[in-house]
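One structure below.
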Amino acid sequence: MKTRESQGARLVAWAGAEGSTVPMALIRIGLALLLWARWGEDMVLVQAEGPAMLALSLGFFAATAMMLVGLWTRAATATAATVVATMYFAVGAAGGRTAWIHHHHFLLMSATVLCALTQCGRSLSVDRWRALARARRLGLPAPAERGPLLGLRLMTAQLSAVYLWSAIDKCEPGFVGRAARADRRFLLRRIGPASGDRTDRGLGDCGVHSGGPGVRAGARGVATPVAPPAAAAGRGVSRGSLRAAAGPHVLGDHGAAVPGGDRSVGGPPGGRRGRAAGGRGVRLTFRHV
C-alpha cells in the first residue's frame, strides 16, 4: 500500500512540477518554423481550392505567425493546433489527401496540441515584452518565467515513445530478415542484374561475384572501381578471378579499355579484348560460367 501511495505521489509531483518556460518557448518557435517548412507551400492562398481551404490557409498563416513571434501566444498556439488537426483529420484522413497523414505529420500535429497546453508565451515573445513594460509602468517586479512542465514532459514522453517502439519493432526477426533481403536487392541493383542463371550471385554475363567494396560491376561485365585506391581481393568470386588496383573506371563488353593502365582486360573465349591507355589500372580476367 505504501508503495502504491508513494508511486501515486511521485506521479502527481511529476505532473504538477514547475520550471522555466524558456524551453517551451524555444519549442514553440521551432514548431512554427516546422509547420511552415512542411505545409507552407501547400497552404499558400493561390493553391486554395474553395472557400473552406481559403479560410484554412488564412487561419494557418495567421496563427503560426502569431505563434512564432509570441503575440497572444496561448490563443495563437491553440488556433494553430486546431488548424493543423483539421488539416490532418478532415483534409488528410477523411478527405483523401494521404500526403498529409504520414506518421511525422501526426507527431508534428500532436506536438502543437501539447504546446498549446504550456505557458510558452512567458519567454521569448511579444507577450513577455508587453508584460515587462506593464510591470515597469506600474512599478511591479518582473513576472517570473516559470510555469507547469506537464505539456513539455508529455512532448518528451511522446517523442521517446516513437524511438522506443520503432526500435522494439525492428528487433523482430521477420523485420531483420526483410531488411537483409532488402539490402541484398539494393546491392544487386547497384551491381546490376545478371543475364542467365545465377542471377543472385553473378555480375553480368561473366559470372563474376564480388563481395568486396572496391569494384562495382554491371550487366555484360561492365565494372567500375567505386572506392579507389582500393584492391578487391576477389573475396566471394564465383568461377572467375578479379583483381582491382587504383583506377578511375573500367568499361567494356566483356573486355574494356582501362584508363590509367597499360593493361588489357581479358574477355571470355571468343569475346573482344580492350586496350588500356597509360599507367597502371585494373586487370580483370573473366570466364563464362
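Just checking, does segment 114-131 include any residue being among the small types (Gly, Ala, Ser), without any contact (Cβ under 8 Å) to a residue 24 or more places away in the chain, assigned by TED's automatic domain parsing to the domain that holds Gly151 and over 23 Å from Leu58 (Cα atoms)?
Checked segment 114-131: at least one residue is among the small types (Gly, Ala, Ser), without any contact (Cβ under 8 Å) to a residue 24 or more places away in the chain, assigned by TED's automatic domain parsing to the domain that holds Gly151 and over 23 Å from Leu58 (Cα atoms).
Kindly indicate whether Leu108 is within 28 Å of Phe61 (Cα to Cα) and not in a loop (DSSP other than H, G, I, E, B).
Yes, satisfied.
Scan segment 132-157 residue by residue and report those that are free of Cβ contacts under 8 Å to residues at least 24 places away in the same chain and either buried (at least 17 other Cβ atoms within 10 Å of the Cβ) or part of a helix (DSSP H, G or I) (or both).
Listed by number, the residues that qualify are Leu132, Ala133, Arg134, Ala135, Arg136, Arg137, Leu138, Thr156, Ala157.
Looking at the structure I just gave you, is Asp169 at pLDDT 75 or above, within 18 Å of Thr77 (Cα to Cα) and in a helix (DSSP H, G or I)?
No.
Name, by its number, the condition in (1) surrounded by 20 or more Cβ atoms within 10 Å (Cβ to Cβ); (2) over 26 Å from Asp127 (Cβ atoms); (3) of a type in the set (Val, Ile, Thr) that does not hold for Thr73.
(2)
Given the criterion touching an Asp or Glu at 6+ places or on another chain (Cβ under 9 Å), surrounded by fewer than 16 Cβ atoms within 10 Å (Cβ to Cβ) and either in the same structural domain as Glu145 (by TED's automatic domain parsing) or of a type in the set (S, T, N, Q) (or both), identify the matching residue among Ala65, Ala99, Ala93, Ala55.
The match here is Ala99.
Taking segment 26-76 on its own, how many of its residues are among the charged types (D, E, K, R) and within 15 Å of Met87 (Cα to Cα)? Even if it seems obvious, please write down each step before you answer.
Filtering segment 26-76 for residues among the charged types (D, E, K, R) gives 28, 38, 41-42, 49, 74.
Now restrict to residues that are within 15 Å of Met87 (Cα to Cα): 38, 41-42, 49.
Going through segment 26-76 one residue at a time, the tally reaches 4.
Under the condition of being in a loop (DSSP other than H, G, I, E, B) and modelled with pLDDT of 90 or more, which residue from segment 18-49 is surrounded by the most Cβ atoms within 10 Å (Cβ to Cβ)?
Thr21
Mind telling me which of the residues Ala75, Ala55 ends up being under 26 Å from Thr156 (Cα atoms), among the small types (Gly, Ala, Ser) and assigned to a helix (DSSP H, G or I)?
On inspection, the qualifying residue turns out to be Ala75.
Go through segment 128-138 and give me each residue that's farther than 13 Å from Ile29 by Cβ and not hydrophobic (A, V, I, L, M, F, W, C). Steps first, answer last, please.
Here is the first cut: in segment 128-138, the ones farther than 13 Å from Ile29 by Cβ are 129-138.
Listed by number, the residues that qualify are Arg130, Arg134, Arg136, Arg137.
The values are calculated or read from the model by the stated rules, or taken from the named source; none is laboratory data. Being a predicted model, the structure only gives us computed values, none of them experimental. Note that we place each Cβ from the backbone using ideal geometry, even for glycine, and neighbour counts take in every protein chain shown.
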